[in-house]
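Peer 1: Below are the structure tokens for one structure; questions will follow.
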Amino acid sequence: MRTISIYALIIPNFFGACLAYSQEIQVVLEKIEARRESLPPCRFVMTERGELQQTDGQKSPITRKYEIQTSFEETLFRSIEIMDNEGAGRGKRSAILRPHEVVYYDGASVIIQGLGESSGAYVFDPRTLGISLGPFENTDLSHALRLTPDLRAAASTSKESIGNLACSKIQIDDPKNVKTTFWVDGTYNVVRFEYLIPDILSETTISEYSRSFASGIIPLKTVTTFKNFVSSEGFELIREFRDYERISPKSFGYEDMNLNLWVPASDLRIKQRLGYWDGEKLTEEPTGSQPDRKMMAPPNNYSSAFIVFLCLFGVLVLWSLARGFARRT
């Protein structure tokens, strides 16, 4: 009876401590989320610099500069300069991120796709900077912070300093052998983030904050180091942010994307052409000034000059055959 009574005291206290432990972690993560969600509608410039290390040891420099506007659940990216391994000095790019879709302009056409469908767009929610892998277009705050009961139950916390900054260290080990770790300072800013899949990949981001930029809600600068243990590829990417200013709340549209005239727009989810941009709206058929036929044409085909050449060549062949026939008769 005495043994049973001892367990009767220990077991409830143990589970009570575990529950309080889990709730403490949940409170910290939710305060990070609340702080990030307080970001007001704003505009700023992001510059990315880095080098991509290939398997052969070669390094490809990357420089990207974007104007970013964000208004609650929508974000607009507009390229200012792009110099990367996909092509030096590429033309205009822009994208709009909404809760359930991405609208992407690649310089020749506009496409609309669902989130996470490999649209090719470079766009993400700025509120996830420094707290998520990537970040990617389909990463939201809840996903970045692992705010699900099963992952919260797999979390542990401790105290650890980053430099001279005292932090709470929260580590989440999910069932898929992914380890996610946040170092959180006293203002609920994540100053270090690590994402690790043992023997496969790791990504570490160090973030700097300043109250002079976005009231310290999102980073002023991030430094991300990525390593692929399988292919030996890796990179270091530096993101810096400046020229912050608040804007009026708005919903972004085609008029904000710096589109060329008469570019086609299509919704790939329903496999339908939506129209052509006339400078103010989408129209079913091009009107007014002559559109850029190269952009309108399906991605087929031969150029108009080549078609003219084939026609003239055909006429010449027929004329030669006719002359030969006339001589024989």
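Peer 1: In region 91-135, which residue that is of a type in the set (S, T, N, Q) and in contact with a strand residue (DSSP E or B) (Cβ under 9 Å, 6 or more places away or on another chain) is farthest from Pro40 (Cα to Cα)?
Peer 2: Of all residues in region 91-135, those of a type in the set (S, T, N, Q) come to 94, 109, 113, 118-119, 128, 132.
In the following step, the residues that additionally are in contact with a strand residue (DSSP E or B) (Cβ under 9 Å, 6 or more places away or on another chain) were identified as 94, 109, 113, 119, 132.
Values: Ser94: 21, Ser109: 31, Gln113: 26, Ser119: 27, Ser132: 20 Å.
So the residue we want is Ser109.
Peer 1: Report the residue count in region 192-246 for those that are surrounded by fewer than 17 Cβ atoms within 10 Å (Cβ to Cβ), in contact (Cβ under 8 Å) with a residue 60 or more places away in the chain and not in a strand (DSSP E or B).
Peer 2: Residues that pass the stated criteria total 3.
Peer 1: Something else now. Is it fair to say Ser5 is surrounded by fewer than 14 Cβ atoms within 10 Å (Cβ to Cβ), modelled with pLDDT of 95 or more and among the hydroxyl-bearing types (Ser, Thr, Tyr)? Reasoning before the result, please.
Peer 2: Working: surrounded by fewer than 14 Cβ atoms within 10 Å (Cβ to Cβ): yes; modelled with pLDDT of 95 or more: no; among the hydroxyl-bearing types (Ser, Thr, Tyr): yes.
For Ser5, the condition - surrounded by fewer than 14 Cβ atoms within 10 Å (Cβ to Cβ), modelled with pLDDT of 95 or more and among the hydroxyl-bearing types (Ser, Thr, Tyr) - is not met.
Peer 1: Give me the pairs, please: first residue somewhere in region 120-143 and charged (D, E, K, R), second residue anywhere and in a helix (DSSP H, G or I) and modelled with pLDDT of 95 or more, beta-carbon distance under 7 Å, and either six or more positions apart or on two chains.
Peer 2: Arg127/Arg36; Arg127/Glu37
Peer 1: Same structure, new question: Going residue by residue through region 251-258, is there one that turns out to be in a helix (DSSP H, G or I) and hydroxyl-bearing (Ser, Thr, Tyr)?
Peer 2: Our first condition is that a residue be in a helix (DSSP H, G or I); within region 251-258, this holds for 254-256.
Remaining after also requiring hydroxyl-bearing (Ser, Thr, Tyr): 254.
Yes; the residues of region 251-258 include at least one that is in a helix (DSSP H, G or I) and hydroxyl-bearing (Ser, Thr, Tyr).
Peer 1: Residues in region 157-169: is at least one in contact with a Pro (Cβ under 8 Å, 6 or more places away or on another chain), farther than 19 Å from Phe226 by Cβ, charged (D, E, K, R) and not in a loop (DSSP other than H, G, I, E, B)?
Peer 2: Step one: of region 157-169, the residues in contact with a Pro (Cβ under 8 Å, 6 or more places away or on another chain) are none.
Checked against the condition, which is being in contact with a Pro (Cβ under 8 Å, 6 or more places away or on another chain), farther than 19 Å from Phe226 by Cβ, charged (D, E, K, R) and not in a loop (DSSP other than H, G, I, E, B), region 157-169 yields no hits at all.
Peer 1: Still on this structure, I have one more. If we scan region 196-208, do we find a residue that is in the same structural domain as Pro41 (by TED's automatic domain parsing) and touching a helix residue (DSSP H, G or I) at 6+ places or on another chain (Cβ under 9 Å)? Write out each step before concluding.
Peer 2: Initially, region 196-208 is screened for residues in the same structural domain as Pro41 (by TED's automatic domain parsing), giving 196-208.
Still in the list and also touching a helix residue (DSSP H, G or I) at 6+ places or on another chain (Cβ under 9 Å): none.
Looking through region 196-208, none of the residues is in the same structural domain as Pro41 (by TED's automatic domain parsing) and touching a helix residue (DSSP H, G or I) at 6+ places or on another chain (Cβ under 9 Å).
Peer 1: Here is a further query. Would a scan of region 87-109 turn up a residue that is at pLDDT below 85, within 16 Å of the chain's Cα centre (by Cα) and more than 19 Å from Leu274 (Cβ to Cβ)?
Peer 2: Taking region 87-109 as the starting set, the residues that turn out to be at pLDDT below 85 are 87-92.
Now drop any that are not within 16 Å of the chain's Cα centre (by Cα), which leaves none.
No; the residues of region 87-109 include none that is at pLDDT below 85, within 16 Å of the chain's Cα centre (by Cα) and more than 19 Å from Leu274 (Cβ to Cβ).
Peer 1: Moving on to the next point. State whether the residues of region 181-191 include one that is assigned to a strand (DSSP E or B), under 20 Å from Thr225 (Cα atoms) and without any contact (Cβ under 8 Å) to a residue 24 or more places away in the chain. Quick ask: steps written out before the conclusion?
Peer 2: Start the filter on region 181-191 by keeping residues that are assigned to a strand (DSSP E or B), which leaves 181-184, 190-191.
Those left that are additionally under 20 Å from Thr225 (Cα atoms): 181-184, 190-191.
Right, trim to without any contact (Cβ under 8 Å) to a residue 24 or more places away in the chain and you get 181, 183.
Yes, there is a match, as at least one residue in region 181-191 is assigned to a strand (DSSP E or B), under 20 Å from Thr225 (Cα atoms) and without any contact (Cβ under 8 Å) to a residue 24 or more places away in the chain.
Peer 1: Applying the selection to region 42-79, what residues are touching a Pro at 6+ places or on another chain (Cβ under 7 Å), in a strand (DSSP E or B) and more than 19 Å from Thr205 (Cα to Cα)?
Peer 2: Residues satisfying the conditions are Ile68, Thr70, Ser71, Thr75.
Peer 1: How many residues does region 123-141 hold that are buried (at least 20 other Cβ atoms within 10 Å of the Cβ) and aromatic (Phe, Trp, Tyr)?
Peer 2: Selection size over region 123-141: 1.
The values are calculated or read from the model by the stated rules, or taken from the named source; none is laboratory data. Model, not experiment: these values are computed from the prediction. No Cβ is skipped: glycine too gets one built from the backbone with ideal geometry, and neighbour counts run over all protein chains shown.
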